[in-house]
Amino acid sequence: MQQHTINWSEFMNVEMRVGTIVSAEIFQEAKRPAYKLHVDFGEFGIKKTSAQITKLYQPQSLIGKQVVAVVNFPPKQIANIMSECLILGAVDNDDVILIQPDRKIDNGLRIG
């Protein structure tokens, strides 16, 4: 597979931050199985999103889990919510494995 090369300034334009999932529920209105999540990014506030992570995670197990998300995409309408961030995960066929810090750190810290 051919990879696209980016420069350092392009990478720095992607604002990835650590946040803690504060609520998770089944997203009934989504076309594909997903959860509605609220993620606390500290001084950057609580942001809503949708995540198709239902195969490996249950809503209650997600609450309190820290994740890494892109927070500077424009908001995107997904069914009846406005998604404000994109939670990152490794994709293995249909499974999505969340990317997360290996220990508790402050919400809002930038990945870089």
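The values are calculated or read from the model by the stated rules, or taken from the named source; none is laboratory data. Given the structure is predicted, the values throughout are model-derived calculations rather than measurements. Note that each Cβ is placed from the backbone with ideal geometry, even for glycine, and that neighbours are counted across all protein chains shown.
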Q: Return the only residue of Gly64, Gly89 being touching a strand residue (DSSP E or B) at 6+ places or on another chain (Cβ under 8 Å) and either loosely packed, with under 13 Cβ neighbours inside 10 Å or among the acidic types (Asp, Glu) (or both).
A: Gly64
Q) Going through the stretch 67-81 one residue at a time, which ones are part of a loop (DSSP other than H, G, I, E, B) and surrounded by fewer than 17 Cβ atoms within 10 Å (Cβ to Cβ)? A) Asn72, Phe73, Pro74, Pro75, Ala79, Asn80
Q) Looking only at the stretch 82-110, which residues are in contact (Cβ under 8 Å) with a residue 24 or more places away in the chain, more than 13 Å from the chain's Cα centre (by Cα) and not in a loop (DSSP other than H, G, I, E, B)? A) Met82, Asp95, Arg110
(Q) For the list (1) of a type outside the set (Gly, Ala, Ser); (2) without any contact (Cβ under 8 Å) to a residue 12 or more places away in the chain; (3) surrounded by 11 or more Cβ atoms within 10 Å (Cβ to Cβ), I need the number of the one condition that Tyr57 fails. (A) (2)
Q: Scan the stretch 30-54 for residues that are surrounded by fewer than 14 Cβ atoms within 10 Å (Cβ to Cβ) and either part of a helix (DSSP H, G or I) or at pLDDT below 95 (or both) and jot them down.
A: Lys31, Arg32, Pro33, Glu43
